[in-house]
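Before any comments, here is the structure.
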Number of protein chains: 2
Amino acid sequence: MDVAAYMVELGQQARAAARDVARSSTAVRNQALLATADLLDDSREELASANHKDLENGRANGLEEAMLDRLELTPARIDTMIEGLRQVASLPDPVGEITGMTYRPSGIQVGKMRVPLGVIGIIYESRPNVTVEAASLCLKSGNATILRGGSEAIHSNQAIAACLARGLVSAGLPETAVQVVSTTDRAAVGELITMPEYVDVIVPRGGKGLIERISRDARVPVIKHLDGVCHVYIDSHADPEKALKVAVNAKTQRYGTCNTMETLLVDEEIAADILPLLAQQFAEKGVELRGCDRTRQVLEGIDQATEQDWQAEYLAPILAVRVVEGLDGAIDHIARYSSQHTESIITENYTRARRFLTEVDSSSVMVNASTRFADGFEYGLGAEIGISTDKLHARGPVGLEGLTSQKYVVFGDGHIRT
Amino acid sequence: MDVAAYMVELGQQARAAARDVARSSTAVRNQALLATADLLDDSREELASANHKDLENGRANGLEEAMLDRLELTPARIDTMIEGLRQVASLPDPVGEITGMTYRPSGIQVGKMRVPLGVIGIIYESRPNVTVEAASLCLKSGNATILRGGSEAIHSNQAIAACLARGLVSAGLPETAVQVVSTTDRAAVGELITMPEYVDVIVPRGGKGLIERISRDARVPVIKHLDGVCHVYIDSHADPEKALKVAVNAKTQRYGTCNTMETLLVDEEIAADILPLLAQQFAEKGVELRGCDRTRQVLEGIDQATEQDWQAEYLAPILAVRVVEGLDGAIDHIARYSSQHTESIITENYTRARRFLTEVDSSSVMVNASTRFADGFEYGLGAEIGISTDKLHARGPVGLEGLTSQKYVVFGDGHIRT
């Protein structure tokens, strides 16, 4: 198989389909989403049997247990996919909104219209449910999509793709509006991320290795975040009760998520008072602490934090703790080590809260709230394709709006420039 | 000189200065702009003598007359730079605006704050006045800037840079907030566009060759447009008077600008009526027409338009003319040949105007208005650093807002996620 030629064909089909999707009505796109939900519901047997093949192959190829778990399409996961499609159908359509229409001195009327991006490439790893999630958000926002899932999920993804294709056609949209790459050849990824003429943006979903590779090699813009090295800073003017509650929640509510706190910063003025209380609660939750010298003066017996610890995204019950010289010390530490994902200050002091909000340059900055809130659903976006720590285009949780662009629209009445 | 080490030093200084600029008040940034305006006014002799050196060198190196003209800092151009600084100072500050603050069911309050991008790299050719224009827009929007002008303008740019540095320092800002690259070694550009750790975005200003080279080699996002192949489509339901007025203005008001019409599309239903009227007006203005077969059936004696003509950005008194099969024919032609800069439909028909607005995927789409309006000043942005035909981040004329990003801000009161 000529992978390059195959990918160009997908690209051309997607580019053509994107025009049809972009001008389709909200009702038509919703109809395609709801039809796909029904088709998935009617195709549970086909989905299970395709998934069974992937699981068998995975076991034969020695895939580890965690990977097999992610690969499995349980009935509950199929329910979730179906529910997700219906939820996305019920969200407001971002496309076509016109804002800021004003008259200019020349007499023309100028505003901005929200428009789809065009063709979105999604590259992901083992979970087949991402196929439905990503495709539904891209379709709802008026885009065509090319999806490249993990090779271990190829049969499951193809079975899901068949439902999507039938759903699209039943609503009068081209089936090429959502295409799942049918080859497991890794060269397909290389082609997908270097076709700016056919693909407008790439959204990778997966581990840091995958995302780094894609960002390095792409010739197409990438919406991504690499790391979530999130900080909570407990200021000397913090309410200790709120500080304990938020710090413990930010670390322990879930360990494996990108918005989990990985480093706790404590103002030197209250370190001796609050660190023992924090240590007790973290000990109860089984969280290992690693501290700077000054932390270890208060909390004897914990391990020394090294340079690596300040940079670490543990995704595990481990927490780096550092005593800092007030707000400036906290902001300096964050400027140096943060991955610009999410940081929170705990304080009752108005001026310090305001400075933290202004001076910390992360995609989410919080006051007296757990970093775990950094999430598309919690922010009211209705859904989330990912979180961006880049500054251009989308930043923070990316929902439907992040999958769109804007264009200027101008109304005249024969106006000319003089 | 070790160019790589020198550029890293500039990058590190810019990154550090960006923090200071980002947290500086509106008043301080305006003060720096106004002080620079006064300093330029006081330094007319130094500017003239530095510019004289560049002009002498240029003549000695055989620079062509048009280039020497662009290079020259006449008293009027110095006036314009000074006036520009004062205008930018008077514009509203985009930084810090918080929008969309709403309470979520969890009790947290979520909104978005507009923030500077960080460090902006500007690469431009001969005109030294770009140094002031670009630096002032970047500074106003809270960013640090590294500017790399053409080597032929090095003395003029250094003289301007000295005024900027003194203006910054007089307002209490670091002089490294605006840095003009002092080496003419071309390797400096290569370094500047491949330092994502120090530079957040590149804005190239110059010819297509320069911009293509930068886009191809950059490892940093680039805000750019390559071409302005702009179209006017005269629909069969057009008011002929408006059609003539707009088409002539779009082509002839200025020939060398990116928003000038390069191809005129005419609905077949009115081609026989309107083409002779158009041809007469264009002949009076000295515009050469090149037409498709059907155009040449009406306008005998004009040259045949080739595939190259549909792709051409003439920037000259030449116009390609094509007769198309109604709105669909026009939209198809535009989808194939447009550079996605600016397109305009002339029609009195509501449904066709609406379809053109929705289905044409360009950074500006107009109804009954001249493409020449696609401009930051005309759109009310106050100023313009360039026009973007990309879909991500800024699209269309880019003013101060296009030089900023947003971050999510979250207010809680000890809120945790459950």
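Relative to the first principal axis of the alpha-carbon coordinates of chain B, what is the inclination of helix B:26-42, with its axis defined by its Cα atoms, in degrees from 0 to 90 and to the nearest 10? Rounded to the nearest ten degrees, it is 80. Comparing the full protein assembly with the isolated chain, the residues of region A:391-416 losing at least 50 square angstrom of accessible surface (1.4 Å probe) are A:Lys391, A:Leu392, A:His393, A:Arg395, A:Lys407, A:Tyr408, A:Val410, A:Gly414, A:Ile416.
With the contact rule set at Cα under 8 Å and sequence spacing of 6 or more, what percent relative contact order holds for chain B? Could you put the intermediate results ahead of the total?
Values: 850 pairs, mean separation 74.7, N = 418.
So the answer I get is 18 percent.
Residues of region A:18-41 whose accessible area (probe 1.4 Å, heavy atoms of protein chains only) drops by at least 40 Å² once all protein chains are present, relative to their chain alone: A:Arg19, A:Arg23.
Over the whole of B:241-254, what's the average partner chain Cβ count within 10 Å per residue? Rounded to a whole number, please. Walk me through the intermediate numbers first.
Numbers: counts 1, 5, 1, 1, 3, 5, 1, 1, 5, 2, 0, 0, 3, 1.
Mean shielding by partner chains, rounded to a whole number: 2.
Considering only B:Gly386, B:Ala16, B:Ala135, the residue lying farthest towards the positive end of the dipole of chain B is B:Ala16, judged by Cα position with unit charges set on Cβ. Entry for region B:310-418 at q = 0.10, 0.14, 0.20 Å⁻¹: log10 I(q)/I(0) = -0.42, -0.69, -1.16, Debye formula applied to identical alpha-carbon scatterers, no solvent contribution. Comparing A:Ile123, A:Ala144, A:Val248 along the charge dipole axis of the protein assembly as shown, the residue lying farthest to the positive side is A:Val248, per the Cβ-charge model.
Each Lys and Arg contributes +1 and each Asp and Glu -1, all at the Cβ; summed about the Cα centre of region B:230-373, the dipole is approximately 480 debye.
For chain A, the mean residue ellipticity at 222 nm estimated from helices alone is -14000 deg cm²/dmol, where every DSSP H run of n ≥ 4 contributes -39500 (n - 2.57) and the total is divided by all residues, rounded to the nearest 500. Between region B:362-418 and region B:199-229, the C-alpha centres lie 18 angstrom from each other.
Over region A:1-133, what is the relative contact order in whole percent, taking alpha-carbon pairs under 8 Å and six or more residues apart? If you can, show how the numbers build up before the last one.
Values: 98 pairs, mean separation 38.0, N = 133.
Value for region A:1-133: 29 percent.
Rolling a 1.4 angstrom probe over the protein heavy atoms with all chains in place gives region A:48-149 an accessible area of 41 Å² per residue. Residues in region A:110-116 carry Karplus couplings, in order, of 10, x, 10, 10, 7, 9, x Hz; the curve used is 6.51 cos²θ - 1.76 cosθ + 1.60 with θ = phi - 60°, and Gly or Pro positions show x. Residue-level result for chain A: its Cβ closest to the axis carrying A onto B, with that distance in Å, is A:His393, 2. Would you give the gap between the C-alpha center of region A:275-293 and the C-alpha center of region A:100-174, rounded to a whole Å? A separation of 44 Å, based on Cα centres.
The A and B chains share an interface that buries close to 5900 Å² of accessible area, total over both sides, probe 1.4 Å.
Only the Cβ atoms of Lys and Arg (+1) and of Asp and Glu (-1) were treated as charged; on that basis the dipole of region A:1-137 about its Cα centre amounts to roughly 1020 debye.
Between copies, the label points at B:Thr184 (set 7 angstrom from Cα along Cα-to-Cβ) are spaced 6.0 nm, reported in nanometres from shortest to longest. Distance distribution P(r), chain B, all Cα-Cα pairs, bin width 20 angstrom from 0: 24, 47, 26, 2 percent.
Computed on protein heavy atoms with a 1.4 Å probe, the accessible areas place B:Asp309, A:Asp93 in the order A:Asp93, B:Asp309, largest first.
Could you tell me what percent of the accessible area of the protein assembly as shown is made up of carbon and sulfur, with a 1.4 Å probe and every protein chain present? Intermediate values should be presented prior to the final figure.
Values: 15390 of 32700 Å².
Ligands and nucleic acids excluded, carbon and sulfur give 47 percent.
Sites listed here are GluC sites (Glu not before Pro) in region A:16-110 whose DSSP assignment is loop and whose Cβ has at most 13 other Cβ atoms within 10 Å: A:Glu64.
With only Lys, Arg, Asp and Glu charged, each at its Cβ (+1 for the first two, -1 for the last two), find how big the charge dipole of chain B is about the Cα centre; round to the nearest 20 debye. Working shown, then result.
Working: 42 positive and 58 negative charges, 295 e Å.
Here the size comes out at about 1420 debye.
For A:Tyr350, the distances from its label point to the matching points in the remaining copies are 5.2 nm, ordered from shortest, with each point set 7 Å beyond Cα toward Cβ.
Under 4 °C and 1.567 mPa s, how fast does region B:230-373 diffuse according to Stokes-Einstein, given a Kirkwood radius computed over C-alpha pairs? Answer in µm²/s, whole number. Don't skip to the answer; put the middle values down first.
Details: Rh = 14.5 Å.
Taking Rh from Cα pairs, D becomes 89 µm²/s.
The phi-based Karplus calculation (6.51 cos²θ - 1.76 cosθ + 1.60; θ = phi - 60°) puts the 3J(HN,Hα) values of region A:403-418 at 9, 10, 10, 10, 9, 7, 10, 10, 10, x, 9, x, 5, 10, 8, 10 Hz, whole numbers, x for Gly and Pro.
In the calculated pair distance distribution of the protein assembly as shown, what percentage of Cα-Cα distances lie above 36 Å? List each step's numbers first, then the result.
On the way: 182526 of 349030 pairs.
In whole percent, the long-distance tail amounts to 52.
In nanometers and ordered shortest first, the copy-to-copy spacing of the A:Ala16 label point, defined 7 Å from Cα toward Cβ, is 5.8. For chain A, the longest principal axis of the alpha carbon atoms and the long axis of helix A:240-252 meet at an angle near 50°. Placing unit charges on the Cβ atoms of the charged side chains and taking the dipole of region A:230-373 about its Cα centre, the candidate lying farthest along the positive direction among A:Thr306, A:Gly286, A:Gly329 is A:Gly286.
Residues of region B:350-365 losing 30 Å² or more of accessible surface, assembly versus chain alone, probe 1.4 Å, please list them. At a threshold of 30 Å² (probe 1.4 Å), the residues of region B:350-365 that become less exposed are B:Leu357, B:Thr358, B:Glu359, B:Val365. Under 5 Å between amide H atoms, partner at least 5 residues away or on a different chain: which partners does A:Asn349 have, H built in plane at 1.01 Å? Here nothing satisfies the definition.
Excluding same-chain neighbours fewer than eight residues apart, the lysines reachable from B:Lys251 by a Cα-Cα span under 26 Å are A:Lys112, A:Lys407, B:Lys208, B:Lys224, B:Lys242, B:Lys285, B:Lys391. Relative contact order of region B:230-373: 35 percent, from C-alpha pairs under 8 Å at least 6 residues apart in sequence.
Could you list the trypsin sites (Lys or Arg not before Pro) in region A:240-299 that lie in coil according to DSSP, counting only those with at most 16 other Cβ atoms within 10 Å of their Cβ?
On the way: sites: A:Lys242, A:Lys245, A:Lys251, A:Arg254, A:Lys285, A:Arg290, A:Arg294, A:Arg296; in loops: A:Arg254.
In loop regions of region A:240-299 (DSSP not H, G, I, E or B), the sparsely surrounded trypsin sites (Lys or Arg not before Pro) are A:Arg254.
The values are calculated or read from the model by the stated rules, or taken from the named source; none is laboratory data. Here the structure is a predicted model, which means the values were calculated and not measured. Quick reminder, even Gly has a Cβ in these numbers, built from the backbone with ideal geometry, and neighbours come from all protein chains shown. Heads up: the accessible areas ignore ligands, DNA and RNA and are worked out on the full protein's heavy atoms, side chains in. Shrake-Rupley method; radii C 1.70, N 1.55, O 1.52, S 1.80 Å.
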